[in-house]
Each structure stands twice: as C-alpha cells, then as structure tokens.
1. By per-residue mean of other Cβ atoms within 10 Å, what is the highest-first order of 298-304, 199-205?
2. Using only the heavy atoms of the protein chains and a 1.4 Å probe, how would 126, 390 rank by accessible area, largest first?
3. Could you tell me the relative contact order of the range 340-452? Use alpha-carbon pairs under 8 Å, at least six residues apart, and round to a whole percent.
4. Suppose each label sits 7 Å from its Cα in the direction of the beta carbon; what would the residue 404-residue 450 distance come out to in nanometres?
5. Given a cut-off of 29 Å, name the pairs among 353/438; 240/438; 180/353 whose C-alpha atoms lie farther apart than that in the structure shown.
6. So which of 163/238; 238/276; 204/446; 204/276 end up more than 28 Å apart, counting from Cα to Cα?
7. Using the C-alpha gyration tensor of the range 117-296, what are the square roots of 5 times its eigenvalues, in whole angstrom, with the largest one first?
8. What percent do you get for the relative contact order of the range 117-296 when only Cα pairs under 8 Å and 6+ apart count?
Amino acid sequence: MSRKSVLFAAETELESEEEDLEDAELSDESEGESEDIPNVGVTPKSRNKGQERALSKAEGSKIIVQTAFDAYFTYNKPGRVQTSTNVYNQLVIPLSAEEFTDAIGARFKGPPAIQPSILTEENRELIFSRFMCELNEGFNILCYGLGSKRRLLNQFATTHCSKQGHVVVANGFQPDFVLKDLLCSIEDIPGLWDGDLPTTTIEKQARRIHDAFSQPSQTVPLYIIIHNIDAAPLRAAKAKSILSLLAHNRQIHLIASIDHINAPLLWSSSEAFARKPDKAENDTTPSRGFAWLWHDITTLASYDFELAFADRSSLSGGHSGGARRKTDTLAAQNATAMSETAASHILASVTQKAQKLFVQLGTVQLDNAEASGDNASVDPQNFGVTYDFLFVLARENFYATNETAFRALLGEFRDHSLILSAPATSGSGETLWIPMRKERLVNVIKGLRTVAFK
C-alpha cells in the first residue's frame, strides 16, 4: 500500500471518530446530562455545528439545569423579602355587629351562661326600691361590678324613674358623645321653659338648668341616667364640674355606672361624699358634689351594645373602612374625632407661628359655621377654608412669607390629623378644616389666644 493511501485511510478514520464523538455529545444533551464532554480532536467546523444545535435546543426549552450546590446558593441568596399584597382584612369584609352576634351565638355551644341572683325579678325589684329610697334621701347612685349594667339601669329608668319625674339617659361610652348633648336633651323637656332658649356656653347652660330645678315651684324631679360616667368624654375637669353642679341639686338625681378599675380616682373625697343641701340655694355660687352611694351590680352580661361601634370581627386597626362601617354615626365620629386634650398636646409642641395659623383657620371655620346657621354637630368639612385663601391670610399676617414655609406649618398638623384636607367641591384646589366639634374648637382657640397672641 502506498503512503498516500495510508494517509487517506487515516483521515477517513479520524472523520468517522469525529462524527461518533459529535453524536455522543448530542445524545448526552438530549438526555439532560450536565457533565461537559471534552472536545478533543474536534475540528472548529464540527464544534460550531454542535454548539449551534445545543444552543437552539436550549433556547427552545428555556430550562437551566443546576447542581444541588448551585441551587442551594441560588435560592438562599440574600435579598429583599417578597411579601404578598393580598392582606386578609382587605379581601374579607368585616361582619356587622348584628352578624357578629348571630355568628357567635350559632357557633357557641358551651355551658349555659351564669345568671346572677341580682337579675331575678324578686331581687331586682328589691334593689330598685332601695335605689328610690336612697335617691329621695338626697344621695346619688353609682353602680360598679363585672358585666354590662346598661339593661338593668334602663329597666330602672322605665319602671320607676319615669313614674316619678323626667328621665334623661346618656350613653357616655359612645365616642361621639359630648356633654352639650346631655344638657340640650334636658332643656328639650316639655313644660320646663316658655319660648326658645338662647344659645350659650355649657357652663351657663348647666347653671340655667340648676336654677330651674331649684325653684320652689318645680316639684317634678329630674333623673339622669349616665352609662359609663368614667368614659373619656366625661373625664375632663369641665365635665366633672358641670355634673357636680347638677348632681348637688335636690331635685336632680344622678344614677351612673362605671367599668374602669381606676374610676374612683376621678373624684376627690370631698366631691364623692358631699351631701346635698336641705333647702334650695339662692347663692350666686352654688355648692357642688356628687353624694355617691356605691352599689355592686355584677350582672356578668356581655358588653355588646357598648362595643357596637368597634370592629370586633377584625384585628384592631387593621380595617381601613368599608361599606358596612361607614354609617352615619361613624361618619360623624370620624369628622369630629379630635378631642381638646389631644389638640392641646399637639399645639404645645409646635411653633408660635403654627399656633397662630391654627387660630386663623379655626376662627374662619367658626365664622363660616355661624354664618351658615347649621347645628354644631354638622360635619366641619362643610365650613372648611380653601388652601389659597388660607395662604393669603398667612402671608398677610406674616405667619409664612412663601408657600414652602406655609406647607411646613401645615405639615405639623397634617401629620397628627389636626388639620385635614380634601379636594374642593368647586373642582380646583383643596379644602382645609379642623376635625373638631364647634364647642371644642372654641375652647382650644380661647386657650391659644392667651399664649400665642401675648
């Protein structure tokens, strides 16, 4: 055999080996093996051809095969934690108070509830008779104990008090309750006054009620039932002063309940044990006090009505509002939710210019309310001020010389929800207002004027 024939046979044999090696690579790739096969003795043409086939196949499958070592570090690499936006309280509408009560009653199959002996008809009549005797002797009744006492006191008002005189019931546990509502309810009793009464402050209003029931001609007593006299709206010094004035009148009888463990600390010993005068007072400074007699009224009843305004079917603060929550009562509550104490704490921490700006906004808001002639319980947003108008007033009074400084002053109040804003009804700009009832706003502005306008 010649030398040329030998070289030709060797080349042919080498090409056959290359084809076998290429077929082996393709078969390994088709089986999904991750090990690389060395391209020893492979020509550039055949290598490019195999890579193109493998690349086209990888692009078609879009699958990356990793070893266990690589997969561990891939799925455990540090990074931002991905949380779901599907919050439970946004997906499920909370139950209403009635639906919640029905659902709990249907599911709860435990032992029957314990009925205290105080709720039996015989013992209840005995307690009511004792209450009437103590009230006629010049004392006021304060009920404490575990469980809701609302139903029992309402029964006492219906079966006994209503037969002896006038009855006014106040639900102090409601978040939108104010003392002025109680005084207005007393003045609305038919036959007490002739003609319309002038609008005045709650101090003068309470004194007018006290003087009316101090007259010798007034023989019909007044019974005031206050559920949860230890509630937040009635803890203020002004509220206690007004109630002590009414409670110390011999023709006004106060029956109240408490549930807070520290409620006895609301009154001093002189206020709690002060006795009512034997005769009607004609002095310019009438005496004050409560003349409490304490009664343990443990009913073990649930606080369903007292907690009706709370969303008990979801986590506290988790629900941002819904169709079932947006009732008229809650709308009024949210519109006037800011209390005098909270507003005073916020205003004490801001600058004097910010206080003057608050007084300016509050004064204009009160003027708008007076000009409209509506009731004080109307949503204060209706009496708000436009952003541009308030900015002009602030610039004229040198509270803020530019819009940047003006927004900085407003930011202090917006962060604490002391000033709210909403798009103007006219469609241009925004409306600013203070979410406080009229009488609360008047008291806050009056206190600020003595500090910010010295």
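The values are calculated or read from the model by the stated rules, or taken from the named source; none is laboratory data. Note that the structure is predicted; figures quoted are calculated from it, not measured. Backbone-built Cβ (ideal geometry, glycine too); neighbour counts: all protein chains shown. We work out accessible area using only protein heavy atoms, side chains counted, and drop any ligands, DNA or RNA first. Shrake-Rupley method; radii C 1.70, N 1.55, O 1.52, S 1.80 Å.
1. Values: 298-304: 15.4, 199-205: 13.3.
With the highest mean Cβ count within 10 Å placed first, the list reads 298-304, 199-205.
2. Numbers: 126 120, 390 0 Å².
Order by accessible area, largest first: 126, 390.
3. Numbers: 120 pairs, mean separation 42.9, N = 113.
Relative contact order of the range 340-452: 38 percent.
4. 3.8 nm
5. Numbers: 353/438 23 Å; 240/438 20 Å; 180/353 32 Å.
Exceeds cut-off: 180/353.
6. Working: 163/238 32 Å; 238/276 20 Å; 204/446 17 Å; 204/276 21 Å.
Long pairs (Cα-Cα over 28 Å): 163/238.
7. Details: eigenvalues 119, 70, 55 Å².
In descending order, the three semi-axes are 24, 19, 17 Å.
8. 31 percent
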